[in-house]
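Down below is the structure, laid out as structure tokens.
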Amino acid sequence: MATRKIVYIGDDVLRQKARRVREFTPELHELLDDMLETLEQASGVGLAAPQVGISERVLVIRLPDDEEEYGPEAGVLYEIINPEIIKTSREMVSGIEGCLSIPGYVGEVDRHVEIVVRAQDRHGNEIRVKPRDWLARVFQHEIDHLEGILFIDRTEDVWKTGEEPEETPGTEDAAGEQEEARI
């Protein structure tokens, strides 16, 4: 495994629609392993292949059990190939998001509370995932990357990390708790 360089806003690959993966090769497995190591080094929870300069429909998500706990043994790992959101809840929730490709900035984004994702695993087997709440937010954010969409495209209010916007958003999740995503 190797850490790959995360590309930043302004790199054309972040605005391209990623290509569908058709072959489940050792090179794909290497990409997944490298993306996971890169994600762990960056202390993030989600990473899409375009964020490491690869225009393919691949993403990794590691949702820690504890917000302070990162690393190879922390939380649940999702390796997702060719994801499609096939169902969304009507209920939306607003939350603060950031992005490893836009360091130092966050914004308030509305996302579906629950979604259903159809995808493939690293071996090409079809899988379905039904994330809710914060995990659903992470999935939507990462799948947006595969479409060339950044969180800044879904918000009207972006500010620097550590600064508060003129009007502090009341970002509450479905349980009424404050929510912030480091994605």
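The values are calculated or read from the model by the stated rules, or taken from the named source; none is laboratory data. Every value quoted in this text rests on a predicted model; they were computed, and no experiment measured them. Because the Cβ atoms are built from the backbone with ideal geometry, glycine has one as well, and the counts that use them run over all protein chains shown.
Would you check if E73 is over 13 Å from the mean Cα position of the chain (by Cα) and at pLDDT below 95? It would help to see each step written out before you state the result.
On the way: over 13 Å from the mean Cα position of the chain (by Cα): yes; at pLDDT below 95: yes.
Against the criterion (over 13 Å from the mean Cα position of the chain (by Cα) and at pLDDT below 95), E73 qualifies.
Residues being without any contact (Cβ under 8 Å) to a residue 12 or more places away in the chain and over 17 Å from Y78 (Cα atoms): count how many of those fall in the range 104-155.
Counting residues in the range 104-155 that are without any contact (Cβ under 8 Å) to a residue 12 or more places away in the chain and over 17 Å from Y78 (Cα atoms) gives 2.
Out of the residues in the range 134-164 that are of a type outside the set (A, V, I, L, M, F, W, C) and at pLDDT below 95, state the one that is nearest to the chain's Cα centre (by Cα). Don't jump to the end; show me each part of the working.
Pass one, the range 134-164, residues of a type outside the set (A, V, I, L, M, F, W, C): 137, 140-142, 144-145, 147-148, 153-157, 160-164.
Pick out the ones that are also at pLDDT below 95 and you get 155-157, 160-164.
Values: T155: 16, E156: 20, D157: 19, K160: 19, T161: 18, G162: 21, E163: 23, E164: 23 Å.
Out of the qualifying residues, it is T155.
It is to be established whether one or more residues within the range 51-62 are farther than 20 Å from N82 by Cβ and of a type in the set (D, E, K, R). Walk me through how you get there before you give the answer.
Within the range 51-62, the first condition is being farther than 20 Å from N82 by Cβ, and the residues that meet it are none.
No: zero hits.
Look through the range 132-161, keep the residues that are surrounded by fewer than 18 Cβ atoms within 10 Å (Cβ to Cβ), of a type in the set (K, R) and in contact with an Asp or Glu (Cβ under 8 Å, 6 or more places away or on another chain), and return whichever of them is nearest to S55 (Cα to Cα).
R154
Taking interchain pairs and intrachain pairs at least six residues apart, which have beta carbon atoms under 9 angstrom, with the first residue in the range 81-95 and farther than 15 Å from P131 by Cβ and the second outside any loop (DSSP other than H, G, I, E, B) and of a type in the set (G, A, S)?
Partner pairs satisfying both residue conditions: I81/A119; N82/A119.
Hand me the list of strands (runs of 3 or more DSSP E) wholly inside the range 1-113 holding 1 or more residues that are touching a helix residue (DSSP H, G or I) at 6+ places or on another chain (Cβ under 9 Å) and β-branched (V, I, T). Explain how you work it out, then say what you get.
Numbers: elements: 46-48, 58-63, 76-88, 92-99, 102-112.
Once the strands (runs of 3 or more DSSP E) in the range 1-113 are filtered for at least 1 residues that are touching a helix residue (DSSP H, G or I) at 6+ places or on another chain (Cβ under 9 Å) and β-branched (V, I, T), what remains is 58-63, 76-88, 92-99, 102-112.
If E167 satisfies every condition in (1) among the charged types (D, E, K, R); (2) modelled with pLDDT of 85 or more; (3) surrounded by fewer than 16 Cβ atoms within 10 Å (Cβ to Cβ) but one, which is the exception?
(2)
Does the range 21-44 hold any residues that are surrounded by 13 or more Cβ atoms within 10 Å (Cβ to Cβ), out of contact with any Gly (no Cβ under 8 Å at 6 or more places or on another chain) and at pLDDT 95 or above, and which are they?
Listed by number, the residues that qualify are V21, L28, H29, L31, L32, D33, D34, M35, L36, E37, T38.
Going by the structure shown, is L59 at pLDDT below 95 and aliphatic (A, V, I, L, M)? Outline the logic, then answer.
Numbers: at pLDDT below 95: no; aliphatic (A, V, I, L, M): yes.
Answer is no for this residue.
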